[in-house]
Ligand SMILES: Cc1ncc(COP(=O)(O)O)c(C=O)c1O
């Protein structure tokens, strides 16, 4: 566990505040990957205007949101399950499908293994190859499919930001048939990828009933505290997942906000442009000027390796005292104790981050 990642995740401002003696609201938070534009105005307005909705129960069938989602995606409603964040959707898949063995590709989002263990599955893994953007060797990935009942892959993967190509996704989808294995593709960050590179199996699920896609709405629309996500899968799978869902787990405000989020295409485009420009800017300065290793991620975050004289923990502590919070990746199986992840934020914020990184670079090695 890192010095700030007590719960295994970024964005823990309370722990960071205790650790660095800085009020939680004062951090520039690069440790969680949330849209720097904040909530869309329409979403903020509906939330403020709809507080009275919480005196009633939310619709346990999520009907209005599910219908809007179906129209927006062009996918029939029975293929969709709204959930309390993509995290709940993953839990429901494990509960509904009861895999004995779950396979993961390290390094990856820690909840894949965490949830699997929580619900009684054993976890096996293969390691991505550093020289290949931490994608796995094809043969090892096949072995994982062969040995596991369910395999998680992230595309783009967290914390590397690397995307699987269409032919790689298709290959995995074919293996689900051949090896009788479920495949969950976690597309939580796919919204941030350039539109023409948003590779997904969404339109091929009829052909691949063992493939489940997980989507998050908390990152693109900056509502991680409200919680909203969904799964796309064959109706039989959706039914199995739905049977395990606690009634009303998706709250009324999330359902209302979700409908408006689906209409925010201009905001999504603006976000993608900002993220693409700022990701290039951060990569250029941190990679070229500071000389750090930067992986070519395609999402709204970047995986970095600090210079040899600085561990992720030291870097996090030094930046933390400067009120900048980053994510140590030292605890990700498959990464090293010098790996960190930063979010991609606005130019003004990125300049503050870079100024802090330059100071740390200049300070060189030494005590925490
Ligand atoms: C790769 C990945 N998938 C899913 C999630 C969870 O998303 P949500 O907030 O929708 O539960 C996260 C959260 O950090 C994540 O990093």
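The values are calculated or read from the model by the stated rules, or taken from the named source; none is laboratory data. Just so it is clear, the structure is predicted and the values come from calculations on it, not from any experiment. Cβ sites come from the backbone with ideal geometry, for glycine too, and all protein chains shown count toward neighbours.
Is it fair to say residue 108 is assigned by TED's automatic domain parsing to the domain that holds residue 189, in a loop (DSSP other than H, G, I, E, B) and either at pLDDT 95 or above or within 16 Å of the ligand (Cβ to nearest atom) (or both)? Full working, then the answer.
Details: assigned by TED's automatic domain parsing to the domain that holds residue 189: yes; in a loop (DSSP other than H, G, I, E, B): yes; either at pLDDT 95 or above or within 16 Å of the ligand (Cβ to nearest atom) (or both): yes.
Yes, satisfied.
Would you check if there is a residue in the stretch 259-270 being touching a strand residue (DSSP E or B) at 6+ places or on another chain (Cβ under 8 Å), within 16 Å of the ligand (Cβ to nearest atom) and touching a residue at least 24 places away in the same chain (Cβ under 8 Å)?
Of all residues in the stretch 259-270, those touching a strand residue (DSSP E or B) at 6+ places or on another chain (Cβ under 8 Å) come to none.
No, the stretch 259-270 contains no residue that is touching a strand residue (DSSP E or B) at 6+ places or on another chain (Cβ under 8 Å), within 16 Å of the ligand (Cβ to nearest atom) and touching a residue at least 24 places away in the same chain (Cβ under 8 Å).
On the given criteria, is residue 212 surrounded by 24 or more Cβ atoms within 10 Å (Cβ to Cβ) and within 10 Å of the ligand (Cβ to nearest atom)? Step through it out loud before you land on a result.
Numbers: surrounded by 24 or more Cβ atoms within 10 Å (Cβ to Cβ): yes; within 10 Å of the ligand (Cβ to nearest atom): no.
No, not satisfied.
Matching residues to (1) closer than 20 Å to residue 240 by Cα; (2) crowded, with 18+ Cβ neighbours inside 10 Å:
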{"position": "122", "(1), (2)": "no, no"}
{"position": "134", "(1), (2)": "no, yes"}
{"position": "157", "(1), (2)": "no, yes"}
{"position": "165", "(1), (2)": "no, no"}
{"position": "171", "(1), (2)": "no, no"}
{"position": "182", "(1), (2)": "yes, yes"}
{"position": "193", "(1), (2)": "no, yes"}
{"position": "203", "(1), (2)": "no, no"}
{"position": "206", "(1), (2)": "yes, no"}
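Given the conditions (1) part of a loop (DSSP other than H, G, I, E, B); (2) under 24 Å from residue 280 (Cα atoms); (3) in contact with a strand residue (DSSP E or B) (Cβ under 9 Å, 6 or more places away or on another chain), which single one is not true for residue 208?
The number of the failed condition is (2).
Across the stretch 111-123, which residue is farthest from residue 143 (Cα to Cα) among those that are touching a strand residue (DSSP E or B) at 6+ places or on another chain (Cβ under 7 Å) and part of a helix (DSSP H, G or I)? Spell out how you get there, then give the answer.
Going residue by residue through the stretch 111-123, those that are touching a strand residue (DSSP E or B) at 6+ places or on another chain (Cβ under 7 Å) are 112-113, 116-117, 121-123.
Restricting the remaining residues to those that are part of a helix (DSSP H, G or I) gives 112-113, 116-117.
Numbers: 112: 18, 113: 18, 116: 19, 117: 21 Å.
Once the filter is applied, the top-ranked residue is 117.
Spot the failing condition for residue 253; the list is (1) surrounded by fewer than 18 Cβ atoms within 10 Å (Cβ to Cβ); (2) farther than 30 Å from residue 151 by Cβ; (3) within 16 Å of the ligand (Cβ to nearest atom), and only one is missed.
Unmet for residue 253, out of (1) surrounded by fewer than 18 Cβ atoms within 10 Å (Cβ to Cβ); (2) farther than 30 Å from residue 151 by Cβ; (3) within 16 Å of the ligand (Cβ to nearest atom): (1).
Looking at 137, 146, which one is touching a strand residue (DSSP E or B) at 6+ places or on another chain (Cβ under 7 Å) and assigned by TED's automatic domain parsing to the domain that holds residue 258? If you could, list the steps in order and put the result at the bottom.
Numbers: 146 fails: touching a strand residue (DSSP E or B) at 6+ places or on another chain (Cβ under 7 Å).
Only one candidate qualifies: 137.
Kindly evaluate residue 58 against the criterion of being assigned to a loop (DSSP other than H, G, I, E, B), modelled with pLDDT of 95 or more and touching a helix residue (DSSP H, G or I) at 6+ places or on another chain (Cβ under 6 Å).
Criteria met by residue 58.
Scan the stretch 301-338 residue by residue and report those that are in contact (Cβ under 8 Å) with a residue 40 or more places away in the chain and either in a strand (DSSP E or B) or on the phi > 0 side of the Ramachandran plot (or both). It would help to see each step written out before you state the result.
Of the stretch 301-338, the ones in contact (Cβ under 8 Å) with a residue 40 or more places away in the chain are 301-303, 307, 309-310, 312-321, 323-335.
Scanning the stretch 301-338 gives 301, 302, 303, 323, 324, 325, 327, 328, 334.
So how many residues does the stretch 13-33 have that are in contact with a strand residue (DSSP E or B) (Cβ under 9 Å, 6 or more places away or on another chain) and assigned to a helix (DSSP H, G or I)?
3
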